[in-house]
Amino acid sequence: MGKLLRQQRRGKGSPTYSSSSHRNLGKTEHGFGIVTDIVHDSEKKSPVVIVKSGDKEFLAIARKGEAVGTDYSSSEIGSMPEGTKIFNIEIVPGDNGKLCRSPGSAASILSHEGEKTTVLLPSKKKKTLLSKCMAVIGSPAGAGRIEKPFMKAGKMHHAMRAVGKLYPHTSGVSMNPLDHPFGGKTKPGKHKSVSRHMPPGKKVGSISPRRTGKKK
């Protein structure tokens, strides 16, 4: 009997595939205020700033060139001129940002049409969003992070462990046929079809296919 696939074990949920939440500082938000400190969050690749706005404080992704004492603000993408570089973009108003959060990544505003704005993502893909979505002008700090080599496997292990990923990563083609559909040089021992009603971790391969096999 073969073991479950990596995707299935991750979907099932276990301490192996979960990050240490007690080390995480919390979720980042949109807003405005004065930067009081720049800190590191093991859950995020970019530095995080603590912004004080009136009587409350919130976390935000640090911009390139951020310093303590500077003003931090986010605004609606509909109010920004075309060609502006932005990051931490909301997909739906109020979700506190989902796009362009990794170090050095930034999108640019292409056009405004009514209540919608089109932005150009780093992948060169165009995406149309509501003009009420919030974003921050600039790019996230920490660009060039991946240019420094890890040097030791242990460093990579701890870095992956912080974000809930297993290391080292064994490719499917390097496994045996009973362990993975891509394993071995002969006919795979695991079928690729899976029911539509399976949990997320089980949905790997052909999800509820209408037919299988080679057409005759």
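Annotations for the structure displayed:
- For region 150-207, the spread of Cα positions along each principal axis, largest first, Å: 40, 30, 12
- Label-point separation, Arg196 to Leu130 (7 Å along Cα→Cβ), nm: 2.9 nm
- Straight-line cross-link partners of Lys3 among the lysines, defined as a Cα under 16 Å from its Cα and at least 8 positions apart when in the same chain: Lys12, Lys190, Lys192, Lys202, Lys203.
- Working note: 222 nm ellipticity from helices only, DSSP H runs with n ≥ 4, each -39,500 (n - 2.57), summed and divided by the residues of the chain, gives -2000 deg cm²/dmol to the nearest 500.
- Trypsin sites (Lys or Arg not before Pro) restricted to region 109-213 and DSSP loop, no more than 12 other C-beta within 10 Å: Lys124, Lys125, Lys152, Lys185, Arg196, Arg210, Arg211
- Diffusion of region 18-142 by Stokes-Einstein, at 37 °C in a medium of 0.692 mPa s and with Rh set to the Kirkwood radius over alpha-carbon pairs, works out to 223 µm²/s.
- Candidates per trypsin sites (Lys or Arg not before Pro) in region 1-73, loop by DSSP, up to 15 other Cβ within 10 Å: Lys3, Lys27
- Per residue, the convex hull spanned by the Cα atoms of the chain amounts to 205 cubic angstrom.
- Cα-Cα over 32 Å, subset of Lys56/Lys165; Lys44/Lys127; Lys56/Lys126; Lys56/Lys152: Lys56/Lys165; Lys56/Lys126; Lys56/Lys152
- Rounded to whole numbers, the Karplus 3J(HN,Hα) couplings from phi for region 197-213 are 9, 6, x, x, x, 8, 7, 10, x, 8, 8, 6, x, 6, 8, 10, x Hz, using 6.51 cos²θ - 1.76 cosθ + 1.60 with θ = phi - 60°, and x at Gly and Pro.
- Length gained when the stretch Gln7-Lys56 is fully extended (0.36 nm per residue, less Cα-Cα span): 13.6 nm
Rule-based calculations on the coordinates, nothing more; no lab input. It should be emphasised that the depicted structure is a prediction, and the values quoted were computed from it without experimental measurement. Backbone-built Cβ (ideal geometry, glycine too); neighbour counts: all protein chains shown.
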